[in-house]
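One structure is given here, and the rest of the page talks about it.
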Amino acid sequence: MPIFQDQKGKNISNFQKMIDEKKSTIRKYFDEIGHLYYGQYKDVNVDMTKDINARCESISNLYIEIEDLNTKILRERGLKKCAVCGTENNLSNAFCFKCGARFDDSDAVPADVIAPPNASATPSRDTKLVAAAIEAETEIQTEEPADNNAQVETEEGKEE
Ligand SMILES: [Zn+2]
């Protein structure tokens, strides 16, 4: 068995482990947000907005980090995701085979940009990315029907 294959598998399972940890942290934060919000509901004199927002911020950052890790896993498998339509392409593709969008090959992700989980003070880097990550997480992608050009045949003139 080729050694680099083992290394790839090892890298992927490490990334997957990091993703799982981040996901469980996200669940913890959502749980805490629920409790904080309820505390605020029960006692109108209590303002938990700051604590709630801090956790929302952390969750946004975690989604970005998870997206980065998913990109790294894809790279290990020789794939990359189209930023426009989300289709997985071969790393060597210059254009998305599905939607034709050009790949920006300067988007190489440095290995050391992962922020610590408690980076609640840092502003979210890219809200669009977060939205995409959330969408991927909840899997509510709406797909348009692929075949819109089917010709409608009329029955006119056939009847005698
Ligand atoms: Zn595409």
When (1) away from the ligand (no atom under 16 Å from the Cβ); (2) among the β-branched types (Val, Ile, Thr); (3) assigned to a loop (DSSP other than H, G, I, E, B) are applied to VAL84, the one that fails is (1)
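Quick one: is GLN16 polar (S, T, N, Q) and farther than 25 Å from LEU62 by Cα? I'd like the intermediate steps shown before the answer.
Numbers: polar (S, T, N, Q): yes; farther than 25 Å from LEU62 by Cα: no.
Here the answer is no, as GLN16 does not meet what is asked.
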Do the conditions hold for ASP107, that is, is it at pLDDT below 95, in a loop (DSSP other than H, G, I, E, B) and within 16 Å of the ligand (Cβ to nearest atom)? yes
What tally of residues in segment 42-63 results from selecting those that are polar (S, T, N, Q), over 16 Å from the mean Cα position of the chain (by Cα) and part of a helix (DSSP H, G or I)? 2
Condition broken by CYS96, with the remaining ones in (1) surrounded by fewer than 11 Cβ atoms within 10 Å (Cβ to Cβ); (2) within 13 Å of the ligand (Cβ to nearest atom); (3) not aliphatic (A, V, I, L, M) satisfied: (1)
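Tell me yes or no: at least one residue of segment 29-37 is touching a Phe, Trp or Tyr at 6+ places or on another chain (Cβ under 9 Å) and aliphatic (A, V, I, L, M).
Taking segment 29-37 as the starting set, the residues that turn out to be touching a Phe, Trp or Tyr at 6+ places or on another chain (Cβ under 9 Å) are none.
Within segment 29-37 (the criterion being touching a Phe, Trp or Tyr at 6+ places or on another chain (Cβ under 9 Å) and aliphatic (A, V, I, L, M)), the answer is no, since none of the residues qualifies.
The values are calculated or read from the model by the stated rules, or taken from the named source; none is laboratory data. Here the structure is a predicted model, which is why all the values come from computation and not from measurement. Cβ sites come from the backbone with ideal geometry, for glycine too, and all protein chains shown count toward neighbours.
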